[in-house]
1. Pick from the stretch A:45-78 the residues that are of a type in the set (D, E, K, R) and modelled with pLDDT under 95: which of them is farthest from B:PRO64 (Cα to Cα)?
2. Among the residues of the stretch B:64-79, write down those that are in contact with a helix residue (DSSP H, G or I) (Cβ under 9 Å, 6 or more places away or on another chain) and not acidic (Asp, Glu).
3. Give the residue that is farthest from the chain's Cα centre (by Cα), with candidates limited to residues of the stretch A:17-60 that are among the basic types (Lys, Arg) and within 9 Å of chain B (Cβ to nearest Cβ).
4. Scan the stretch B:66-103 residue by residue and report those that are more than 8 Å from chain A (Cβ to nearest Cβ), surrounded by 10 or more Cβ atoms within 10 Å (Cβ to Cβ) and modelled with pLDDT of 75 or more.
5. Restricting to the stretch A:149-183, name every residue that is closer than 14 Å to B:LEU14 by Cβ and either loosely packed, with under 12 Cβ neighbours inside 10 Å or in contact (Cβ under 8 Å) with a residue 40 or more places away in the chain (or both).
6. I'm trying to understand the selection: among the residues of the stretch B:25-55, which are within 7 Å of chain A (Cβ to nearest Cβ) and crowded, with 16+ Cβ neighbours inside 10 Å?
Amino acid sequence: MSGLSELDQITRAASGDRAAQAALVNRNMPIVFRVAFRMLQDRAEAEDVTQETFLRAWKALPNWQPKAKFSTWACTVALNLCRDRLRKKKPVLMDELPERVDTALRPEEYLSSQQTLKGIEANIAALPERQREALSLCALEGMTNIEAAAAMDVSVRALESLLARARRTLKARMSGVLAGEKQ
Amino acid sequence: MTREKITIERALELIEAYGAEPGGWPEDERAAASALIEAEPNVFAEVLSEAHALDAVLMNEMLPEPSVDLAASILARAPVAAPERKNILGRLSSVLFPKGVRWPAGAALASLLMGLVGGYAYAASDVGYDQADAVYYAAFGVDSDESWLSLE
């Protein structure tokens with residue numbers, strides 16, 4: 001299946017080829033899930049968004065136009081779904097929310113994950129929404145500036161500005177950790 | 001189009017936005033920015049060092065894995081292949097054998113059909129009784145009706 005172009009794979013997946021569908025899911029599901037998780041900070045919600053993204057993909061595949069890579073298209077859909085969910089949540093102040101426990105983790109894993117969250121993940125999660133999107137797609141998922149800008153529906157220049165601001169904020173907030181990394 | 005030259009300010013912007021790794025910079029500016037940084041190492045040393053440190057921290061991001069059932073539940077709702085269009089033999093087969101061809105039943109039906117066709121062909125042919133009898137006697141290892149009678 002690896003020798004097929006993405007368009008061939010999409011055409012086969014649309015016609016019901018299980019191997020092509022599985023390859024498409026295996027290649028793109030982790031990216032979509034990670035992007036959704038960074039936005040929503042909740043595993044179950046990130047999984048819901050991932051599933052919904054692929055359901056939309058199954059509907060879109062028969063009329064697929066190869067304007068963008070599948071991953072770019074999927075991230076665009078996932079980001080829109082995340083924004084909808086975040087918009088619905090906004091009236092509730094973060095301070096009012098009870099501390100969430102991920103029941104999928106064992107206690108020691110949860111403790112360890114909380115310690116890690118105090119570092120990188122918490123700082124990424126605290127970034128403004130659009131900066132988080134830009135950093136997630138470009139710096140963490142390795143999309144090109146053109147792909148990321150397309151997924152976010154912004155200009156490349158605007159993307160750069162968001163990225164620079166995100167990195168500046170992280171540098172300021174994590175100066176202690178970064179000083180250790182520089183040594 | 002690849003840029004041949006780039007300003008110091010632009011190279012600094014690239015590092016601030018995309019980090020210290022040239023692989024993350026826009027493709028059309030990568031070569032020019034790398035060349036400028038190589039030519040002016042002192043100008044970029046501090047900003048590159050800071051960007052490297054942040055890149056390293058970002059690489060250590062830890063995220064949970066999606067549950068093992070997620071891929072299966074996504075695939076369960078994927079489009080199913082349309083049934084193939086059958087040719088005339090396929091359609092006849094599905095009329096005769098709506099639950100699919102079963103070979104013992106198929107073989108019995110085939111032998112029945114062969115018997116019917118053979119019998120009809122033989123009855124229709126202009127073979128006289130003598131010739132038919134000769135075939136019959138030959139089948140039983142006797143030469144004629146006389147020798148058949150002599151067995152009695």
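1. A:LYS67
2. Listed by number, the residues that qualify are B:PRO64, B:PRO66, B:SER67, B:LEU70, B:ALA71, B:SER73, B:ILE74, B:LEU75, B:ARG77, B:ALA78, B:PRO79.
3. Among those residues, the one meeting the criterion is A:ARG18.
4. If the condition is that a residue be more than 8 Å from chain A (Cβ to nearest Cβ), surrounded by 10 or more Cβ atoms within 10 Å (Cβ to Cβ) and modelled with pLDDT of 75 or more, then B:ASP69, B:ALA72 are the ones that fit.
5. If the condition is that a residue be closer than 14 Å to B:LEU14 by Cβ and either loosely packed, with under 12 Cβ neighbours inside 10 Å or in contact (Cβ under 8 Å) with a residue 40 or more places away in the chain (or both), then A:ARG157 is the only one that fits.
6. Matches in the stretch B:25-55: B:PRO26, B:GLU50, B:ALA53, B:LEU54.
The values are calculated or read from the model by the stated rules, or taken from the named source; none is laboratory data. Since we're looking at a predicted model, the values are computed, not measured. Methodologically, a virtual Cβ is constructed for each residue, glycine included, from the backbone with ideal geometry; neighbour enumeration extends over all protein chains shown.
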